[in-house]
Amino acid sequence: MMDLSAEVIRTLDDVLGLGGRSGTFSRATPLLGAVPELDSMAVVALMAALEDRLGVSFPDDEVDGATFATVGSLVDFVAARAGA
Amino acid sequence: MPDAVEAATVQPPPTPFFLPAGRRGRRFAIHHAPARRAARSAIVYLHPLAEEMNKSRRMAALAARALAADGHAVLQVDLYGCGDSEGDFAEAGWDDWVDDALAAMRWLQQSAPAAPVFWGLRAGCLVAAQAACAAPAPSALALWQPPLDGRTVLQQFLRVGAAARFGAGTVKEYLAEARQSLAGGREVEIAGYRLGRRLADGIEASRLAPCAGIRRVHWFELSMRPEAALPPASTAAIAAWTDAGVAVDAQLIAGPAFWQSAEIVDVPALVAATVHGLGDGDPA
């Protein structure tokens with residue numbers, strides 16, 4: 001679970017071009033609406049990157065805004081579906 | 001290969017102009033004349049969709065300029081309804097875009113009757129491939145991060161629309177509504193872009209597939225991960241092209257997906273690899 005969380009955060013950093021800012025991220029860190037780089041294009045790119053790196057799928061009927069509310073909500077979503 | 005007879009010329013600046021596209025209006029284009037008397041190839045650049053076009057302008061300009069400096073004639077063209085071209089994005093059709101690519105190449109060949117190359121980024125790769133297949137002479141393709149299939153492109157574009165509306169239901173609900181609207185001939189608004197049925201259908205039907213008109217493909221993908229390799233789907237597609245008798249050189253470049261990054265970033269390694277690839281050996 002620790003590795004998964006680190007991988008999610010690393011993917012966030014890469015996709016959003018945070019340049020290491022994610023080093024301060026914790027489960028409680030708000031994402032959607034709080035991180036300016038996370039616009040609608042970035043959300044789609046993030047899903048594609050997580051799908052590609054972690055073998056997780058983001059089924060359309062399970063994804064909504066709450067998925068990306070915080071680092072924790074995203075990690076939980078991925079953890080529940082990772083490891084294809 | 002440097003030509004000793006060609007004196008080192010000052011590279012002409014890029015020239016913006018409007019290219020006539022018949023009864024369908026004019027297209028904004030930028031011509032990069034080659035830094036030598038006879039162009040080594042004639043390259044038409046096809047941009048990606050919507051916001052990706054805006055985010056990648058700088059990289060396209062850098063590469064176009066570098067290619068021209070290396071002796072190629074390059075024409076960047078804004079497709080119907082995109083950028084500074086005439087037309088309404090909501091009324092665009094995929095076939096219009098392929099026609100634009102062909103018109104651009106005809107224009108470029110007037111001053112640079114050299115080996116044609118259709119160069120695309122993302123969805124532009126699909127336009128490039130279809131144009132090359134329809135072109136009167138055999139061409140080469142230069143593909144930056146090619147999608148294998150227009151269905152993925154449309155799906156990703158619709159997902160952007162869903163993400164822009166987060167809070168009002170799931171992605172699935174939005175996608176179902178969007179597809180229903182499109183099927184009913186109604187436009188769908190995606191992060192400021194109005195997508196019409198004609199274009200959606202055209203994007204969805206497009207494929208990256210070999211044909212008699214394509215001799216050579218230069219394939220470039222990017223990855224931020226140092227240990228990455230080309231995705232299996234790309235490797236399989238490349239094998240299919242090779243089996244069909246097309247010469248393919250494929251490279252993975254370390255760098256960010258500049259067409260979608262929040263801040264404008266440069267990937268000089270991709271520019272260098274493209275110049276090197278297109279300058280290598282047999283032009284067609």
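Readers should treat all values here as calculations from the given coordinates under stated rules, not as data from a laboratory. Computed from a prediction, not measured in an experiment: that's the story for all the values here. Using ideal geometry, Cβ is built from the backbone for each residue, glycine included, and neighbour counts are taken over all protein chains shown.
Its Cα centre serving as origin, the stretch B:104-246 has a Cβ charge dipole (Lys and Arg +1, Asp and Glu -1) of approximately 240 debye. Its Cα centre serving as origin, the stretch B:2-99 has a Cβ charge dipole (Lys and Arg +1, Asp and Glu -1) of approximately 400 debye.
By the rule of a second cysteine Cβ within less than 4.7 angstrom, the protein assembly as shown holds isolated cysteines at B:CYS82, B:CYS125. Arranged from fewest to most other beta-carbon atoms within 10 Å of their beta carbon, B:SER234, B:SER139, B:SER111 become B:SER111, B:SER234, B:SER139. Which angle from 0 to 90°, rounded to the nearest 10, does the C-alpha axis of helix B:57-69 make with the longest principal axis of chain B? Relative to chain B, helix B:57-69 is tipped by roughly 20 degrees. Counted over the stretch B:38-127 with a bin width of 10 Å, the fraction of Cα pairs per bin, in whole percents, is 18, 51, 28, 4.
Secondary-structure-derived ellipticity at 222 nm for chain B, considering helices only, amounts to -12000 deg cm²/dmol, per-run term -39500 (n - 2.57) for DSSP H runs with n ≥ 4. Of all DSSP-defined beta bridges confined to the stretch B:1-112, some 65% are antiparallel rather than parallel. Between the Cα long axis of helix B:268-278 and the first principal axis of chain B there is an angle of about 60°, rounded to the nearest 10.
Looking at the stretch B:112-205, the DSSP beta bridges with both ends there are about 40 percent antiparallel. Compactness of chain A was expressed as the Cα radius of gyration divided by 2.2 N^0.38 Å, which yields 0.96. Couplings 3J(HN,Hα) for the stretch B:40-45, derived from phi with the Karplus relation 6.51 cos²θ - 1.76 cosθ + 1.60 (θ = phi - 60°), are 7, 7, 10, 10, 9, 9 Hz, where x marks Gly and Pro. By DSSP, the beta bridges lying fully in chain B are antiparallel in about 35 percent of cases. Note on A:14-23: average number of Cβ atoms from other chains within 10 Å of each residue's Cβ is 3. Exposure proxy shown here: for A:ILE9, B:ILE264, the number of other Cβ atoms within 10 Å sets the order, fewest to most, as B:ILE264, A:ILE9.
Round to the nearest 10 and give me the degree value, 0 to 90, for the angle of helix B:150-163's Cα axis relative to the longest principal axis of chain B. It works out to around 50 degrees.
Here's how it looks for B:TYR193: its modeled amide H is under 5 Å from none belonging to a residue 5 or more places away or on a different chain. Put in order of Cβ neighbour count within 10 Å, fewest first, the listed residues B:HIS218, B:HIS276 become B:HIS276, B:HIS218. Each residue of the stretch B:77-89 was assigned a 3J(HN,Hα) from its phi angle through the Karplus expression (A = 6.51, B = -1.76, C = 1.60, θ = phi - 60°), giving 10, 7, 5, 3, x, 10, x, 9, 7, 6, x, 10, 3 Hz with x at Gly and Pro.
Rounded to the nearest Hz, the phi-derived 3J(HN,Hα) couplings of the stretch B:140-147 under the Karplus curve 6.51 cos²θ - 1.76 cosθ + 1.60 (θ = phi - 60°) are 10, 10, 10, 10, 9, 6, x, x, where x marks glycine and proline.
Database remark: amide H of B:MET224 closer than 5 angstrom to the amide H of B:GLY255 (H placed geometrically; neighbours at sequence offset of 5 or more, or on other chains; Pro and chain starts carry no H). Membrane-span-like helices in chain A (whole DSSP H runs, Cα extent of at least 20 Å along the helix axis, mean Kyte-Doolittle hydropathy of at least 0.0): A:2-16, A:40-54.
For chain B, the longest piece that avoids every one of the GluC sites (Glu not before Pro) found in DSSP loops with at most 13 other C-beta atoms within 10 Å covers B:7-226. Close amide H partners of B:ALA142, meaning residues 5 or more places away or on another chain with modelled amide H under 5 Å apart, are B:PHE118, B:TRP119, B:GLY120, B:HIS218.
Is the C-alpha gyration tensor of the protein assembly as shown telling us rounded, prolate or oblate? Criteria: a/c under 1.5 is rounded; beyond that, a/b larger than b/c is prolate, otherwise oblate. Prolate shape, in that a/c is at least 1.5 and a/b is the bigger ratio.
Which of A:PHE58, B:ALA42, B:ILE264 sits closest to the plus end of the dipole of the protein assembly as shown, meaning its Cα is farthest towards the positive end, when Lys and Arg get +1 and Asp and Glu get -1 on the C-beta? Result: B:ALA42.
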